[in-house]
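First comes the structure, then the notes that go with it.
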Amino acid sequence: MKIVTDHVRPDEPAHGLREGVRLMPMPDGSTQRRWVQSIWVIRGDAIAEYTEDFGPAHRFEGDVIELVIPSFGENSVAQLQEHAEKNRHDHHWARRREEMMVESTLIEDHVAQLERNRAIIRNRSLIGPNVRVQRNGYSQEATQRKLKEQTHG
């Protein structure tokens with residue numbers, strides 16, 4: 001069972017905060033992608049969720065990183081909301097993510113690795129169940145050596 005609350009006090013102990021995109025029901029019965037902040041507060045021996053909607057997700061996506069802050073009662077609601085507010089207006093990590101994506105060669109490196117592995121696999125013949133024999137006496141070590149020479153100069 002989920003306990004939901006319609007208000008929180010700034011000095012209440014918080015169990016955690018999550019801010020990001022969430023599908024929210026609209027009054028007309030449809031659902032829409034919205035930027036939502038959920039705060040879980042500790043009330044007695046229960047944890048209640050408070051949700052605040054900041055508007056359509058497209059206003060925040062690309063500029064703001066989604067945020068999850070576990071607290072387990074160590075921080076107050078006001079402290080977590082302050083961190084979330086700072087995150088919403090600080091575009092440092094969004095810019096850093098874009099810089100890393102521009103200079104990244106991860107996809108190209110992965111495709112090249114797949115092509116090298118395919119070349120090694122194509123060098124094998126399958127004769128019978130669970131029996132692998134190298135084609136024309138050309139060893140796998142020689143294939144790997146040749147590929148290393150091609151890739152590393």
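Nothing in this text is a laboratory measurement; each read-out follows from the coordinates by a stated rule. Everything numeric here is computed off the predicted structure, so don't read it as measured data. Reconstructed Cβ throughout: ideal geometry from the backbone, glycine too, with neighbour counts over all protein chains shown.
Some points to look at:
- By the count of other C-beta atoms within 10 Å, a proxy for reagent exposure, PHE60, PHE54, PHE72 are ordered fewest to most as PHE72, PHE54, PHE60.
- Between the amide H of ASN75 and those of ALA14, distances stay under 5 Å, these residues lying 5 or more places away or on another chain, with hydrogens modeled in the peptide plane.
- A value for semi-axes √(5λ) of the Cα gyration tensor in Å was derived from the coordinates, and within the list [x] 30, 15, 14; [y] 54, 20, 17; [z] 37, 16, 10 it appears as [y].
- Whether the stretch 1-74 is rounded, prolate or oblate, judged on the alpha carbon gyration tensor where a/c under 1.5 counts as rounded: oblate
- Student exercise, the stretch 1-106 dipole from Lys, Arg, Asp, Glu Cβ charges, in Debye to nearest 20: 200 debye
- In terms of surrounding Cβ atoms within a 10 Å radius of their Cβ, THR5, THR105, THR143 rank from fewest to most as THR105, THR5, THR143.
- Note on ILE107 and THR151: with the Förster distance fixed at 22 Å, the Cβ-Cβ geometry gives a FRET efficiency of about 0.85.
- For LEU23, net neighbour charge (Lys/Arg +1, Asp/Glu -1) across residues whose Cβ lies under 12 Å away: +2
- Difference of contour (0.36 nm per residue) and Cα-Cα distance, MET1 to ASP90: 28.5 nm
- In terms of packing, defined here as the mean over residues of other Cβ atoms within 10 angstrom, the peptides 12-18, 74-80, 114-120 line up highest first as 12-18, 74-80, 114-120.
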